[in-house]
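Worksheet for the structure shown next.
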Amino acid sequence: EEVANEDIVKGYKVDTDTFIEVTKEELENVALESTRTIEIDEFVDRSEIDPRYLIRPYYLVPDGKVGHDAFAVVRETIREMNKVAIGRVVLTNREHIIALEPMDKGLMGTLLRYPYEVRSADEYFDDIQDVKVTKDMLDLARHIVNQKAGHFQPDKFEDQYETALIDLINRKRAGKPITAKERPRGENVVDLMDALRKSIGGTVAETMALKKPTKKARKAAAGQKEMLMPITGKKQAKETAAKKPAAKPQRRSA
């Protein structure tokens with residue numbers, strides 16, 4: 001049954017069947033200093049803000065002549081001192097922590113989570129096995145990273161889900177049959193070293209060979225043929241990590 005807007009109310013759930021109704025007027029009368037302004041409490045180094053506390057950014061602009069003056073002073077001061085202003089602001093009837101930092105002529109304000117909204121990483125990371133990473137693995141992985149090094153360009157990314165969803169809608173509108181695509185299966189356990197070697201096509205050995213100092217070649221004995229020896233790494237570890245299903249369901253908050 002559809003409920004009309006005038007019949008929808010806000011309420012706080014006390015128990016299974018009990019709610020305390022709160023009107024719009026009562027919410028607007030809640031006295032908070034940061035309701036219509038940003039109250040700055042302190043200035044901190046940007047590096048001190050844990051990324052897990054970041055929610056979403058906003059562009060901030062001044063309001064009125066007095067606002068422009070104060071805005072410019074705060075912007076240029078924290079820019080010169082490489083600081084971030086931490087304050088409070090009310091959005092959607094709730095007070096948030098906000099971090100202010102200069103961006104061109106304006107300020108960027110990033111909403112921050114409260115401590116109770118951030119879970120401890122130990123709850124998820126305790127079950128990760130301690131794996132000894134060999135030098136060979138690191139050398140191969142570094143080579144791949146160097147080969148694929150680039151610069152962050154957001155325009156290169158495409159929302160493939162949205163594209164597939166539009167295609168689905170267009171196919172249904174055209175009356176075309178909809179067939180489910182086969183999903184990739186992640187059941188095969190692969191050897192990490194072999195996978196890394198295949199991904200770079202054996203060029204690591206050539207790179208390592210070029211880095212070694214050249215030595216004067218010895219004169220081959222009469223009748224001796226040239227023999228090329230491949231460069232090999234350390235003996236591969238025998239233990240391989242067994243595949244484990246996710247132990248905990250994903251949660252929406254950080």
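Overview of values
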item: Calculated log₁₀ intensity ratio I(q)/I(0) where the Debye formula runs over C-alpha points of the range 34-117, q = 0.11, 0.14, 0.18 Å⁻¹; result: -0.27, -0.45, -0.75
item: Accessible area, probe 1.4 Å, largest first, for residues 120, 47; result: 47, 120
item: Carbon + sulfur, % of accessible area of the range 34-117 - ligands and nucleic acids excluded, 1.4 Å; result: 56 percent
item: Two-site FRET efficiency, residue 164 against residue 3, from Cβ-Cβ distance with R₀ of 35 Å, rounded to 0.05; result: 0.55
item: Rounded accessible area per residue of the range 34-117, 1.4 Å, Å²; result: 66 Å²
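The values are calculated or read from the model by the stated rules, or taken from the named source; none is laboratory data. Bear in mind the structure is a predicted one, so any value in this text is a computation, not a measurement. Here Cβ is always computed from backbone atoms with ideal geometry, including for glycine, and neighbour counts include all displayed protein chains. Ligands, DNA and RNA are excluded from the accessible area calculation, which covers all protein heavy atoms including side chains. Shrake-Rupley method; radii C 1.70, N 1.55, O 1.52, S 1.80 Å.
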